[in-house]
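Taking it in order: structure first as structure tokens, then the write-up.
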Amino acid sequence: MKLDAHLRDEELADEPSPEREAHLRGCAACRQRREAQLAVRLALRALSRDAAVPAAVRALLETQKRATRVRRLLVASAFAALLVAAAASVLVGMTRRPSTPMPSPLVDELALDHIHYEHRADLAEVRGDPAILSSYFGSRLGFAPHYGTLEAANFEGGKPCRIAGKWTALVWLDRAGHWLSLFAMPEHHADRRGCALAEGVRVCASPDPRGGARVLVGDLPEEEMLRLVDESLL
């Protein structure tokens, strides 16, 4: 499965350009993200400064017009806090999913590639143990990801895969009847170690000390997936 790169959040917020609009016409994921951004901005603009302050607070402000400068500063701070809380409630309500180690739509893209190639090892361009797979990717992609010996897992094969516009090493594993996809990302995509749910499977990631990130996709329990990700880094 080959997917084009998605626009970054800051690109979606920029002034429109012919190239960006052409991309959005053909990319449902980016259109959805831009619509969410616009909805948040409209909601923030619609917040009433008066409505954000309870009546009791407004009455207190009226009786304290001659308060000291320090008191006025404290009231202004409370007023600003109310506005921030109101804006935060709008943002929280529109959050797509809890914070993950990797941003959307990258998580969905990895999950979709896992589903696309599931149990189709006949598509493998190379088969063998971790050393053979690493050497193959070194010659094809310009970087040789290290693969640890994962406990009770068979390396079924691997092939280059285009994720987020970058060529990535994809290896298939079979562990006790569970089909897993192990991605070696050449660039920094994972902020921290953790898992997310996407398309009915878990996507677990960890930054790679050698550079980039390691991502495992499958249906094992979260703690088991994270342990296997760590093993792949050893």
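The values are calculated or read from the model by the stated rules, or taken from the named source; none is laboratory data. As the structure is a prediction and not an experimental result, all values here were calculated from the model. Positions of Cβ are backbone-derived with ideal geometry, glycine not excepted, and every protein chain shown enters the neighbour counts.
Table: residues versus (1) free of Cβ contacts under 8 Å to residues at least 24 places away in the same chain; (2) exposed (fewer than 15 other Cβ atoms within 10 Å of the Cβ); (3) in contact with a Pro (Cβ under 9 Å, 6 or more places away or on another chain).
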residue	(1), (2), (3)
124	no, no, no
133	no, no, yes
192	no, yes, yes
209	no, yes, no
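Quick one: is residue 227 among the basic types (Lys, Arg), surrounded by 14 or more Cβ atoms within 10 Å (Cβ to Cβ) and within 19 Å of the chain's Cα centre (by Cα)?
no
What strands (runs of 3 or more DSSP E) completely inside region 91-194 contain at least 1 residues that are of a type in the set (Val, Ile, Thr)?
Result: 154-163, 166-175.
Given (1) within 18 Å of residue 108 (Cβ to Cβ); (2) crowded, with 23+ Cβ neighbours inside 10 Å; (3) modelled with pLDDT under 90, identify the lone condition not met by residue 215.
Only one criterion is unmet by residue 215, namely (3).
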